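Student: I'd like to ask some things about the structure below.
The values are calculated or read from the model by the stated rules, or taken from the named source; none is laboratory data. Here the structure is a predicted model, which means the values were calculated and not measured. Cβ coordinates were reconstructed from backbone atoms using ideal geometry, including for glycine residues, and neighbour counts include every protein chain displayed.
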Amino acid sequence: MKAKYSRRSIITSGAVALIGATVTGRAKAETAAQPPDSAKTPGGKPESGQASAIKTRTASCNCGQLRVTTKGPDPERRSMCHCKLCQKQTGSAFGIQARFPREQVTIEGKATAWKFPIEGATPVTYRNCTSGGGTFHFCPVCGSTVYYEIADAPAFIGIKVGAFTDPTFPAPMISGFEEYRFPWVMNIAALTMAGGHHS
């Protein structure tokens, strides 16, 4: 005895089969589009190729007398630091800096050095990002700090990211000393500004 199927059941079965084939095909296409694990960053995101590209960037003080030029890929260490040393040294709620291999850095102009900790001064009671000692270099004309060196990483030159004035510079990948962080820092865009947000 042959089973009888209504026109509605035949159409429904065909639609289900078509949807199943579409979903399967889409899943295969998405899987094929995924890069291999070797092409992913440690965070699981695909490498864009941008990070490894050779770039030339110049950081400078406000008057332009002190300049630091870097040539190489984007630095692997880019940090947002909330320690009190960075707050006091930048005059802001935090500092953002990037470390470049010394051989990728060219320094031009005159700089005045300030060493921390200060010899003979009362030791600070807070933890900070240069506990092993650091030397900060600023312009003697306008006072802008442009670069620094720390004893714990002598093969690198640290550069204040703001000195590049480059909005394409990659975002920080470390946020340190958050116990000293201003509570509103991590969500600035959500702050209610009585005077508005301006571009």
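Student: Scanning region 96-126 for residues that are part of a strand (DSSP E or B) and modelled with pLDDT under 95, which turns out surrounded by the fewest Cβ atoms within 10 Å (Cβ to Cβ)?
Tutor: Of everything passing the filter in region 96-126, Lys115 is surrounded by the fewest Cβ atoms within 10 Å (Cβ to Cβ).
Student: Continuing with the same structure: Scan region 149-162 and report the pairs whose first residue is in the same structural domain as Pro101 (by TED's automatic domain parsing) and under 19 Å from Arg57 (Cβ atoms) and whose second residue is of a type in the set (Phe, Trp, Tyr) and outside any loop (DSSP other than H, G, I, E, B), with Cβ atoms within less than 6 Å and a gap of 6+ or a chain change.
Tutor: From region 149-162, the pairs are Ile157/Phe100; Ile157/Tyr147; Gly158/Tyr148; Ile159/Tyr147.
To keep it simple, each residue is scored yes or no on (1) in a strand (DSSP E or B); (2) within 17 Å of the chain's Cα centre (by Cα); (3) more than 27 Å from Thr106 (Cα to Cα); (4) not acidic (Asp, Glu).
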site	(1), (2), (3), (4)
Ser131	no, no, no, yes
Val141	no, no, no, yes
Glu149	yes, no, no, no
Ala153	no, no, no, yes
Ile188	no, yes, yes, yes
Gly195	no, no, yes, yes
His198	no, no, yes, yes
